[in-house]
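The values are calculated or read from the model by the stated rules, or taken from the named source; none is laboratory data. These numbers come from a predicted model, not from an experiment. Here Cβ is always computed from backbone atoms with ideal geometry, including for glycine, and neighbour counts include all displayed protein chains.
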Amino acid sequence: FNDEVYIISTCNRFGIFSNYKNIYDILKKVLEFKKLSNKNDLDYFKFYENENLIRHIFRLSAGLESQVLGEHQILGQMKTFYNISLKFGFIKENFGELLRRSFKFGKFLRTNLYNKNLSFGFLVSEIIRKFNFEEPNILIIGTGEMAFGIFNNLKRTKFNKIFIASREFNRAKFFALNKNIIPISYDQIKEILNKMNFVISASNVSSYIVNLDDVKNEKIIFIDLCVPRTIDPKIGSRCKLYNLDDLNDFIISENKNFLLAEVLVEEEVKKFIGWLRERKSYPFIKNIKFYVDDLISEYEKDKIIDKVLHNVFSKMKEIARNFDNPEIFLSAIESAILNKPFILRKRKQITIGTRGSLLALSQTKEIINKLKEIYPDFDFIIKIIKTSGDVGKNVRGAFVKEIREELLNGEIDIAVHSLKDVPPDDVESLTFGAIPKRADPRDVMISYQNLSFNNLPYGAIVGTSSPRRKIQLLEMRKDLKIIPIKGNIDTRIRKLKNGEVDALILAKAGIDRIGLSFLIIKIFDVEEIVPAPGQGALVLEVRKGDEFILNLIKPLDDFETRICVIAERLFMKEVGGDCKFPIGAYAYINNNQLFIIGMVSNPYPKKLTITGDIENVENVSKELAYRLLK
């Protein structure tokens, strides 16, 4: 075809995606190839058009169309068939861009949102673990790839015996690594069935292997991973029976990020549709550029050249006037200009450094979107930098140290930080180029338990590594057990999901930015838990003297936010500490007056609010520190 077409074929799906005008022509070829002629065969196909087709591609790469939600194999399979289609010239600009975006999106979800090991084997072992059998007897029916994955997970757990059943006994023997792993034929299943604790079917037969009449032991737990089913559904009336739908319900209950993935799919669909629409303008822009270029006379070109190179030419003339042998210098300047003409252009590519956590990437993309609105012709590149804080090192400025080093070395142009992570001491060669409008500065409690803060059970375990949050929280509920919980926000939420804690205390701004506001069970007023200085604010840090970058990001600076966070940081510096110390401060402006609430602990929290003129920020902050420390 002259148009684009992308075909993917796996054990669970066959898909044809094309912008060919008549999709039925393609289907006709497929049916002929498969030697199918009955029109009823079309009932097996699902049809997606326009926006729904784009959405389906993104859902496919996200694992939202897979039998096991979020499984990773589909992404590799999609890439394999993409490379085949690309090789034969079936994929061009539109489908190429769509698929590349979907691959990037799928990788992002699996890196930042999903459990890293969403496979049949992992899920089966998790279900078995929930039932707390010390050494269960397990029957696995099937010896294919799925069964092998399940076996590999289970052989590392505690069990009494694992029986492997296969229609081909020699294939079952392949699994028999020791005397506790026993190969059997299908004919032997009924003999051992009622001695099992778990029966897992991963076979590809088209009829029931186990029927209701075969089951005498009502304590057996069945897991049927097959389509069509190979364990009689009626068994579910007598025993516990899981099927693929139950597995996906289990996945969603364990990983609510799939709800967020659905939202992110819609964002990607909108972005791609925007890209498609934007492409329609390209031919017109190209024609206008050619037209304008033809209009510019040689005289006007000379004027532009003289304007751009005026200072360079003046310096060259000065060298010629003042040196006996100026040719060496003049030749070097000429060579530099002729070999590196990019020095005549403004910088179009800006590198922004940030951490690799979901929150850090989310807030950096938020900044880039704002910059792109102002500078649509610029490319803003994210460089992920691993910091000391990401690897658990407890050093001052742990979450900004390595990013600042790369900024000082010229490896990046802008550093994006959460302002509360930045120590109060200035770095001589760096400056805060812009402080955008602050998000919600308050702290929140989040939990997967459907309880309010006051209804958390006595002695509930709450995770926070902040001494500031701990001491203020215990003022409200002394019964709570507060434990330190380190790592980025992704790590902390994973520990919450795994049940290591009952609840977490985090910044509301961060929870809002990564779309997990539905987990919030309590929003603390700034008087209940005074926020960390700078909490909810971002800062764009740049090198001093880099006027180009400073002017570039200046439109993002918010005057009121800058005044308030400066006041909070001055208070923190005066008290002596950073976000690791039990210090809180929050400032706001009302009727040209600065209001600032401060908190210190010695050992119990002491809070005070004072006001002053916004033109006298330093004195107001120092006064608050003096009165609290006194």
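To keep it simple, each residue is scored yes or no on (1) modelled with pLDDT of 95 or more; (2) more than 25 Å from K606 (Cα to Cα); (3) β-branched (V, I, T).
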position: D502; (1), (2), (3): no, yes, no
position: D512; (1), (2), (3): no, yes, no
position: I521; (1), (2), (3): no, yes, yes
position: V530; (1), (2), (3): yes, no, yes
position: A537; (1), (2), (3): yes, no, no
position: F559; (1), (2), (3): no, yes, no
position: M572; (1), (2), (3): no, no, no
position: G576; (1), (2), (3): no, no, no
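Scanning segment 427-437 for residues that are surrounded by fewer than 21 Cβ atoms within 10 Å (Cβ to Cβ) and either out of contact with any strand residue (DSSP E or B) (no Cβ under 8 Å at 6 or more places or on another chain) or assigned to a strand (DSSP E or B) (or both) yields a total of 6.
Just checking, does segment 450-465 include any residue being closer than 29 Å to K383 by Cα and either at pLDDT 90 or above or in contact with a Lys or Arg (Cβ under 7 Å, 6 or more places away or on another chain) (or both)? Taking every residue of segment 450-465 in turn, at least one turns out to be closer than 29 Å to K383 by Cα and either at pLDDT 90 or above or in contact with a Lys or Arg (Cβ under 7 Å, 6 or more places away or on another chain) (or both). Those helices (runs of 4 or more DSSP H) of segment 459-558 in which at least 3 residues are of a type in the set (V, I, T) and under 30 Å from E262 (Cα atoms), considering only elements entirely within it, cover 489-497.
In segment 388-402, is there at least one residue being in contact (Cβ under 8 Å) with a residue 24 or more places away in the chain and hydroxyl-bearing (S, T, Y)? Among the residues of segment 388-402, not one is in contact (Cβ under 8 Å) with a residue 24 or more places away in the chain and hydroxyl-bearing (S, T, Y), which makes the answer no.
To keep it simple, each residue is scored yes or no on (1) over 24 Å from I493 (Cα atoms); (2) outside the structural domain of F581 (by TED's automatic domain parsing); (3) surrounded by fewer than 16 Cβ atoms within 10 Å (Cβ to Cβ).
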{"residue": "I385", "(1), (2), (3)": "no, yes, no"}
{"residue": "S388", "(1), (2), (3)": "no, yes, no"}
{"residue": "A398", "(1), (2), (3)": "no, yes, no"}
{"residue": "E405", "(1), (2), (3)": "yes, yes, yes"}
{"residue": "N409", "(1), (2), (3)": "yes, yes, yes"}
{"residue": "V416", "(1), (2), (3)": "no, yes, no"}
{"residue": "D425", "(1), (2), (3)": "yes, yes, yes"}
{"residue": "N455", "(1), (2), (3)": "no, yes, yes"}
{"residue": "G459", "(1), (2), (3)": "no, yes, yes"}
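The set of residues in segment 115-147 that are buried (at least 18 other Cβ atoms within 10 Å of the Cβ), more than 30 Å from D490 (Cβ to Cβ) and under 34 Å from the mean Cα position of the chain (by Cα) contains only A147. Scanning segment 34-58 for residues that are modelled with pLDDT of 90 or more and not aromatic (F, W, Y) yields I54, R55, H56, I57.
Of the helices (runs of 4 or more DSSP H) lying entirely inside segment 132-237, those containing at least 2 residues that are within 24 Å of F122 (Cα to Cα) are 145-154, 169-173. The single condition from (1) in contact with an Asp or Glu (Cβ under 7 Å, 6 or more places away or on another chain); (2) without any contact (Cβ under 8 Å) to a residue 60 or more places away in the chain that I549 fails is (2). Condition (residue is surrounded by fewer than 17 Cβ atoms within 10 Å (Cβ to Cβ), touching a residue at least 60 places away in the same chain (Cβ under 8 Å) and not in a strand (DSSP E or B)) applied to segment 588-603: is it met by at least one residue? Yes: one or more hits. Filter segment 504-518 down to the residues that are in contact with a strand residue (DSSP E or B) (Cβ under 7 Å, 6 or more places away or on another chain) and closer than 12 Å to R438 by Cβ, then identify the one that is surrounded by the most Cβ atoms within 10 Å (Cβ to Cβ). Selected residue: A507.
Per the listing L244, L259, the residue uniquely under 19 Å from L64 (Cβ atoms), at pLDDT 75 or above and surrounded by 10 or more Cβ atoms within 10 Å (Cβ to Cβ) is L244.
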